[in-house]
Amino acid sequence: MDVRFKLAPSGKAVDEAGLKFDISDFDGYAVEAALQIKEKLSTGEVAVISLGPDVVQETLRKAMSMGADRAVQLKHDGAPVDSFAIASALAAELQGGGYDLILFGRMSIDTAHGAVGAMVAELLGLPCINAISKLEFEGRTAKMRRELEGAYELVECTLPAVVTIDEGIARPRYPSLKGIMAAKKKPLESKPAQLPEARLTLGALSLPPERSAGRIIGEGIAAVPELVRLLKEEAKVL
Amino acid sequence: MTNVLAFAESRGGDLRRAALESVTAARVIADARGAEVHAILFGAPGIGAHAAKLGAHGADKVLVVEHAAFANNNPEAVAATIAARMGGGYGAFVCAATATGKDIAPRIAAKLKVPVASDATQLAVKGGTITVTHPGYTGKILLSLSLTATPAVVSVRPGAFLPNTNAKAGAVESIGPTGDPSASRVKVTETATGNAAKLDLGDAPVIISGGRGLKEAANFKLVEDLAAAFGNAAVGATRAVTDDGWRPHSDQIGQTGRLVSPNLYIACGISGAIQHLAGMRTSKTIVAINKDKDAPIFKLADYGVVGDVVEILPVLTAAVKQAKAAG
Ligand SMILES: Cc1cc2nc3c(=O)[nH]c(=O)nc-3n(C[C@H](O)[C@H](O)[C@H](O)COP(=O)(O)OP(=O)(O)OC[C@H]3O[C@@H](n4cnc5c(N)ncnc54)[C@H](O)[C@@H]3O)c2cc1C
Ligand SMILES: Nc1ncnc2c1ncn2[C@@H]1O[C@H](COP(=O)(O)O)[C@@H](O)[C@H]1O
């Protein structure tokens, strides 16, 4: 099933009617990675934090039903797109929290900047390793793999550190019934987000041009000559 | 005051195409403001030899930062050096939104206390405001974002600003790094540069992608053969295939893999799941080969062929070779 977004009449927001909110892909991997670390060490605490309107409480509850111990909502009713403003508000909350490891997604699904994690690291003065697909520990040394285009690198860093999570670390577990019940009793703290003035703002949203409907040109090897002709004469790619 | 600093990305001692794309995009901003483009190039001693190429593609000046500790990626030291240099009066910083560009841009922006406009496919400059077009929501919605911060930090989508010859002075200036590049808190212990001769998915005008319909890893040879017949093609894959270890994750195209936009995309034995389409739907021409005539990929394909991909690929490869030979 293909999902199509509709734009709100203002042209500045997505029509949210009928949409279900969920943890975004890379953040799902990040939550799972954090839970696996805690389980492996049999100690520690996993806290989840999200900046946004009250619908984010649903996602925070879901993370707690997967196993996170507590949650913080930095309440903000707009949909900020200024990555530095978001990072500043998150860093203000994380500052002094004594976290050994702060995990982010490699990028969000909506604004998809791929920026907030590394910005928080800079603001907190912590080292940052972006887009990691493997993570292991030797004492307080994290050993990681980063994916580059057609290549990878292995890197090491001492905790505390910030990492942003690519695919490959861990697939998010489904919350168990027990987990869902337990999550209802776990602490979810909500407080206002302190966002500095936005200097990156949303002008308008638009839908990309529709592709023309697909066309089947033939069956089996018999279709190959026609395909090659079309690639040459119509699409001009051969 | 309004000059633009462009990141000249290199890997393994070679300039990447992203370097020329960032210079090309930086020219858009500089030309609108009657300003200069300065490219900044990091690498092990000797990297400065590439400066002329940056001049030929639009750099008025090339700042060369040579240090043994820049042989590998060194985002901390690169970001520190660029942020310090930006403090000296640049109006904007531009890089390509590659793995390396996305790694450094937010660090530089945060040091300068400004946001980053990422992955722009278009740039428009009006006075102090840069308006970027940026695909979000897995490529399904285009966001038009206005950046009013000074300096402006922008990354541009690979392939969106094709390098053109635009000879400028390219005057070379050697500068030193900020801080000690050997003292980065993150150590690179190994780099696999991949096959240098192989075209990267982001650069290739043609991509041949394979999915689970190929039935076994060994059949990817058929995909590679077709790529070789085109000569300018890279090989991609679905998550079903990277999950099974048939191909590395770096070949994966889609929502949680690479986003690509080639002239020609040939999907071989790929169902066309929404997460896969998110990574390739903006390709110019799409071909699909699938045995199931109701596969969702056919809704998108300009040219669909129904049938067994293992049977069709060798015949298509031979026909492409023949067409290439005939010119
Ligand atoms: C959070 C999340 C993120 C994801 N991210 C990605 C992503 O980035 N990229 C991605 O690709 N997927 C992604 N997926 C997975 C995606 O949903 C699909 O499972 C995947 O794309 C399917 O790959 P496939 O088309 O190779 O396999 P299948 O869906 O199994 O399709 C195989 C196709 O091959 C055809 N076939 C079988 N035999 C033959 C034959 N002999 N000849 C011709 N055709 C044949 C079948 O008809 C079928 O259409 C993601 C999923 C989730 C949940
Ligand atoms: N509003 C937010 N609240 C909490 N985390 C966020 C928020 N926005 C971004 N992030 C984190 O930063 C990552 C990268 O986001 P982005 O820079 O928008 O692509 C996401 O995957 C999240 O982990």
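Tell me, Kirkwood radius of segment B:129-282 from alpha-carbon pair distances, in Å?
Here the Kirkwood hydrodynamic radius works out to 18.5 Å.
Quick check on packing: order B:152-160, A:26-34, B:313-321, A:182-190 by the mean number of other C-beta atoms within 10 Å, highest mean leading.
With the highest mean Cβ count within 10 Å placed first, the list reads B:152-160, A:26-34, B:313-321, A:182-190.
So how strong a dipole does the protein assembly as shown carry about its Cα centre when Lys and Arg Cβ are +1 and Asp and Glu Cβ are -1, to the nearest 20 debye?
With only Lys, Arg, Asp and Glu charged at Cβ, the dipole is about 440 debye.
Percent relative contact order of chain A, based on C-alpha pairs within less than 8 angstrom and at least six residues apart?
24 percent
What's the center-to-center distance, using Cα atoms, between segment B:201-278 and segment A:24-99 in Å?
33 Å
For chain B, set up a GNM with springs between Cα atoms under 10 Å and report which of B:53, B:61, B:126 has the largest fluctuation.
Looking only at B:53, B:61, B:126, the largest GNM fluctuation is found for B:126.
At a 10 Å Cβ-Cβ cut-off, how would you order B:266, A:217, fewest neighbours first?
A:217, B:266
Per Stokes-Einstein, at 4 °C and 1.567 mPa s, what whole-number D in µm² s⁻¹ belongs to chain B, with the Kirkwood radius over Cα pairs as the hydrodynamic radius?
It diffuses with D of about 62 µm²/s by this estimate.
Neighbouring Cβ atoms within 10 Å as the yardstick, rank A:229, A:145 fewest first.
Lowest count first: A:229, A:145.
When the Cα centres of segment B:157-176 and segment B:24-43 are compared, how far apart do they sit, in Å?
When both Cα centres are located, 7 Å separates them.
Any idea what the alpha-carbon Rg over 2.2 N^0.38 Å comes to for segment B:86-154?
Dividing the Cα Rg of segment B:86-154 by 2.2 N^0.38 Å gives 1.08.
Using just the helices of the protein assembly as shown, give the 222 nm mean residue ellipticity in deg cm²/dmol: DSSP H runs with n ≥ 4 each add -39,500 (n - 2.57), and the total is spread over all residues, rounded to 500.
-8500 deg cm²/dmol
Do you know the relative contact order of chain B, to the nearest whole percent, from alpha carbon pairs under 8 angstrom that are 6+ apart?
Once divided by the residue count of chain B, the mean separation gives 14 percent.
Where does the Debye-calculated log10 I(q)/I(0) of the protein assembly as shown sit at q = 0.05, 0.06, 0.11 Å⁻¹, using only Cα point scatterers of equal weight, no solvent?
Log10 of I(q)/I(0), two decimals: -0.21, -0.30, -1.05.
My understanding is that a pair violates if its Cα-Cα distance is over 20 Å; which of B:140/B:215; B:140/B:299; B:61/B:168 do that in this structure?
B:140/B:215
So, by mean Cβ neighbours within 10 angstrom, what's the order for B:287-295, A:61-69 with the highest one leading?
Highest mean packing first, the order is A:61-69, B:287-295.
Too long at a 20 Å Cα-Cα cut-off: which of A:134/B:198; A:40/A:134; A:236/B:324?
Among A:134/B:198; A:40/A:134; A:236/B:324, the Cα-Cα distance tops 20 Å for A:134/B:198.
Read-outs throughout are calculated quantities, based only on the coordinates presented, and are distinct from any laboratory measurement. Everything numeric here is computed off the predicted structure, so don't read it as measured data. No Cβ is skipped: glycine too gets one built from the backbone with ideal geometry, and neighbour counts run over all protein chains shown.
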